[in-house]
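As structure tokens, the structure follows; a few thoughts come after it.
What follows is calculated from the coordinates using simple rules that are stated; it is not laboratory data. A quick note: this is a predicted structure, and the numbers were derived from the prediction, not measured. When we count neighbours, we look across all protein chains shown, and the Cβ atoms used for this are built from the backbone with ideal geometry, even at glycine.
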Amino acid sequence: MEEISDVKVTKYIPTIYTRPRTVEYIKNGTLRKRSIMAEKNGVVIIIYNKTRDVLVLVKQFRPSAYFCQVNEDDFLLDTIDTKKYPPKLGITLEFCAGLVDKDLCNEEIAIEEIFEECGYNVEIKDLEEICTICNLTDTTGAKSFFYYCEVTDDMKVSNGGGVEGENIEVIDMKVDDVIQYGTQDYVQSPACFLFGLNWFLYNKYRK
Ligand SMILES: Nc1ncnc2c1ncn2[C@@H]1O[C@H](COP(=O)(O)OP(=O)(O)O[C@H]2O[C@H](CO)[C@@H](O)[C@H](O)[C@H]2O)[C@@H](O)[C@H]1O
């Protein structure tokens, strides 16, 4: 797993990934304003390795998750004390996913992510489209396009791990262990992780 140090919280630096906006509208004759983050849509792929009866998951450091574990007083001044707040506080467990940020169809993006993050070579015919979910919070309504993909060991062609220093750790987890993980009091995963797990259990597993 990657080494994280010198974590700072700075003022917002614009990138192509998040565009803060305010949406104004009239509701019942009254002007209302809502701050939003215009975010890109993404694909999420539930990968099941049937050779070894495991779900293929990814672990990575997510700055957004880490940030939410740190008290405001401790990030306003300087570098965050990583003894007090170890980087593992920002490690999440997720399904393979990626942003729709290229001129490719969603399935092609899913295939790229499966290869880059998890190291499996799959084709469009291996993908089953599940549904599209609005990834709703008060500040985003970006869409997540969900796919299911069964793989075998002989489709694995590299270790995965992501591109450009993403340092993603691929985790093969027995389904019972994923269920145990997903039923803890606090689950450091996106809400759609639990949707994906439940979809898999209901539609694919032990049928
Ligand atoms: N906010 C940001 N600021 C700066 N650089 C950024 C950025 N978001 C992405 N990037 C850059 O884009 C690269 C590629 O990201 P990916 O397409 O692999 O999406 P990721 O797996 O991070 O999840 C993403 O897409 C999935 C699928 O929608 C979502 O679930 C998840 O929340 C989302 O981060 C990252 O390595 C990073 O360099």
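From the list Thr152, Thr139, Thr132, Thr92, the lone residue that is over 23 Å from Trp199 (Cα atoms) and of a type in the set (Ser, Thr, Tyr) is Thr139. In the range 86-105, the residues that are free of Cβ contacts under 8 Å to residues at least 60 places away in the same chain and more than 8 Å from the ligand (Cβ to nearest atom) form Cβ pairs under 9 Å with partners that are part of a loop (DSSP other than H, G, I, E, B) and polar (S, T, N, Q), at six or more places apart or across chains, as follows: Leu89/Gln69; Leu89/Gln188. Scanning the range 37-69 for residues that are within 15 Å of the ligand (Cβ to nearest atom) and of a type in the set (Val, Ile, Thr) yields Val43, Val44, Ile45, Ile46, Ile47, Val56, Val58. From the list Val151, Val157, which one is more than 15 Å from the ligand (Cβ to nearest atom), within 23 Å of Ile171 (Cα to Cα) and surrounded by 15 or more Cβ atoms within 10 Å (Cβ to Cβ)? The match here is Val151. Here the condition is being assigned to a strand (DSSP E or B), loosely packed, with under 11 Cβ neighbours inside 10 Å and not basic (Lys, Arg); of Ile46, Ile36, Ile26, it holds for Ile26 alone. Counted as qualifying within the range 66-158 are the strands (runs of 3 or more DSSP E) with 2 or more residues that are under 28 Å from Glu3 (Cα atoms) and touching a strand residue (DSSP E or B) at 6+ places or on another chain (Cβ under 8 Å), namely 91-99.
Which one of these is within 13 Å of the chain's Cα centre (by Cα) and either within 16 Å of the ligand (Cβ to nearest atom) or touching a residue at least 24 places away in the same chain (Cβ under 8 Å) (or both): Glu108, Glu129, Glu113? Break it down into steps so the answer makes sense when it comes.
On the way: Glu108 fails: within 13 Å of the chain's Cα centre (by Cα); Glu129 fails: within 13 Å of the chain's Cα centre (by Cα).
Among Glu108, Glu129, Glu113, only Glu113 is within 13 Å of the chain's Cα centre (by Cα) and either within 16 Å of the ligand (Cβ to nearest atom) or touching a residue at least 24 places away in the same chain (Cβ under 8 Å) (or both).
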